[in-house]
Amino acid sequence: MTRGKKIGLMFLLLGVAAYLVFAFVCLCHDTQAQTCRDIKVMVKDTAYSQFLSKAEVSQILAGKDLNPVDKPLKEVNLKRIETEISQHPLVDHAECFKTPSGKVGIDIVQKTPILRVMSSNGENYYIDTKGGVMTADSRCQAHLAVVTGNVLKTYACKYLYPLGLYLQEDPFWNAQIEQIHVLSGNKIELIPRVGNHVIYLGKIDNYPNKLARVKAFYTKALNTVGWNKYSVINVEFNNQIICTKK
């Protein structure tokens, strides 16, 4: 390429860049001069159910005098809207933005429950994928493992949360375990969906190894002798399985 062509190409690229900057500035100016026509709510990660509707989001914003509809877009405080919606007990986080068509977009990521806790002390709530607490009126339609027994919230969030996450991420155990029961001394037994027995873990430590032993026992023994032969499968102690016949 000759020197003249290189200079010409450089001026062409500079011209294109200048045009794009000019167009972006004009677009931003036009958008800011508009009045907000509507809000566009997008609820993401709705694997279980959509916890929040557009009407509920509008109600939240109206209660804080933050509803942007019919207000100049330049006066809309996106950060405050994000903060208020993110404080909702069912919301993980929210992101807001202005569109060229004169709307305020609100993308909401919900919390995802992994355990339903129904403690003998009367507490009723969900544990989410980050170990946080969700209220029980969250309209969750998922088939989650239920935690029962004398369960303190601090224990559930610190110790049962990792176990619940482990069970959910393993396809076999996610399908098999329907209940986690907490006994005295914080010892654990699991109630499976298939088979008329309980799996006694004892202390919650080392549960991946304990469950691996149970799964091997299922494959090698229960598939042969039948799933209803034993009432208890005890894997509390290392390198052994103690079974109680019915």
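Take the conditions at pLDDT below 95 and at positive phi and apply them to residue 186. Does it pass?
yes
Of everything in the stretch 52-83, what is small (Gly, Ala, Ser) and not in a helix (DSSP H, G or I)? Give them in sequence order.
The initial filter retains those residues of the stretch 52-83 that are small (Gly, Ala, Ser), namely 53, 55, 58, 62-63.
Correct list: 53 only.
When the residues of the stretch 97-131 are filtered to those that are β-branched (Val, Ile, Thr) and more than 30 Å from residue 71 (Cα to Cα), which remaining residue is modelled with the highest pLDDT? So that I can check it myself, show each step before the final result.
Quick first cut of the stretch 97-131, residues β-branched (Val, Ile, Thr) only: 99, 104, 106, 108-109, 112, 114, 117, 127, 129.
Imposing the further condition that a residue be more than 30 Å from residue 71 (Cα to Cα) reduces the set to 112, 114, 117, 127, 129.
Working: 112: 86, 114: 91, 117: 96, 127: 93, 129: 90.
Result: 117.
Taking the options 174, 150, 223, name whichever one is within 27 Å of the chain's Cα centre (by Cα) and without any contact (Cβ under 8 Å) to a residue 12 or more places away in the chain. Lay out the reasoning, then the answer.
On the way: 150 fails: without any contact (Cβ under 8 Å) to a residue 12 or more places away in the chain; 223 fails: within 27 Å of the chain's Cα centre (by Cα).
Answer to the check: 174.
Is there a residue in the stretch 87-95 that is closer than 29 Å to residue 134 by Cβ, surrounded by 13 or more Cβ atoms within 10 Å (Cβ to Cβ), touching a Cys at 6+ places or on another chain (Cβ under 8 Å) and at pLDDT 90 or above?
The answer is no, given that none of the residues of the stretch 87-95 is closer than 29 Å to residue 134 by Cβ, surrounded by 13 or more Cβ atoms within 10 Å (Cβ to Cβ), touching a Cys at 6+ places or on another chain (Cβ under 8 Å) and at pLDDT 90 or above.
Somewhere in the stretch 23-32, is a residue modelled with pLDDT under 90, hydrophobic (A, V, I, L, M, F, W, C) and under 19 Å from the mean Cα position of the chain (by Cα)?
Among the residues of the stretch 23-32, not one is modelled with pLDDT under 90, hydrophobic (A, V, I, L, M, F, W, C) and under 19 Å from the mean Cα position of the chain (by Cα), which makes the answer no.
State yes or no: is residue 106 touching a Gly at 6+ places or on another chain (Cβ under 6 Å), part of a strand (DSSP E or B) and hydrophobic (A, V, I, L, M, F, W, C)? Quick ask: steps written out before the conclusion?
Values: touching a Gly at 6+ places or on another chain (Cβ under 6 Å): no; part of a strand (DSSP E or B): yes; hydrophobic (A, V, I, L, M, F, W, C): yes.
So residue 106 fails the test.
If I ask for residues that are farther than 18 Å from residue 172 by Cβ and out of contact with any Lys or Arg (no Cβ under 8 Å at 6 or more places or on another chain), which ones from the stretch 216-234 would you list?
Quick first cut of the stretch 216-234, residues farther than 18 Å from residue 172 by Cβ only: 224-226, 228-232, 234.
Listed by number, the residues that qualify are 224, 225, 226, 232, 234.
Tell me, yes or no, whether the stretch 149-156 has at least one residue that is at pLDDT 95 or above, assigned to a strand (DSSP E or B) and not assigned by TED's automatic domain parsing to the domain that holds residue 68.
Taking every residue of the stretch 149-156 in turn, at least one turns out to be at pLDDT 95 or above, assigned to a strand (DSSP E or B) and not assigned by TED's automatic domain parsing to the domain that holds residue 68.
Mind listing whichever residues of the stretch 59-78 are surrounded by fewer than 18 Cβ atoms within 10 Å (Cβ to Cβ) and either of a type in the set (S, T, N, Q) or without any contact (Cβ under 8 Å) to a residue 12 or more places away in the chain (or both)?
59, 62, 63, 65, 75, 77
I'd like to check something: does the stretch 113-124 contain any residue that is farther than 30 Å from residue 38 by Cα, outside any strand (DSSP E or B) and not polar (S, T, N, Q)?
Taking the stretch 113-124 as the starting set, the residues that turn out to be farther than 30 Å from residue 38 by Cα are 113-124.
Among the residues that remain, those that are also outside any strand (DSSP E or B) are: 119-123.
Keeping just the survivors that are not polar (S, T, N, Q) gives 122-123.
Yes, that holds for at least one residue.
The values are calculated or read from the model by the stated rules, or taken from the named source; none is laboratory data. Remember, it's a predicted structure, so these values are computed and weren't measured experimentally. Glycine gets a Cβ as well: all are built from the backbone with ideal geometry, and neighbour counts include every protein chain shown.
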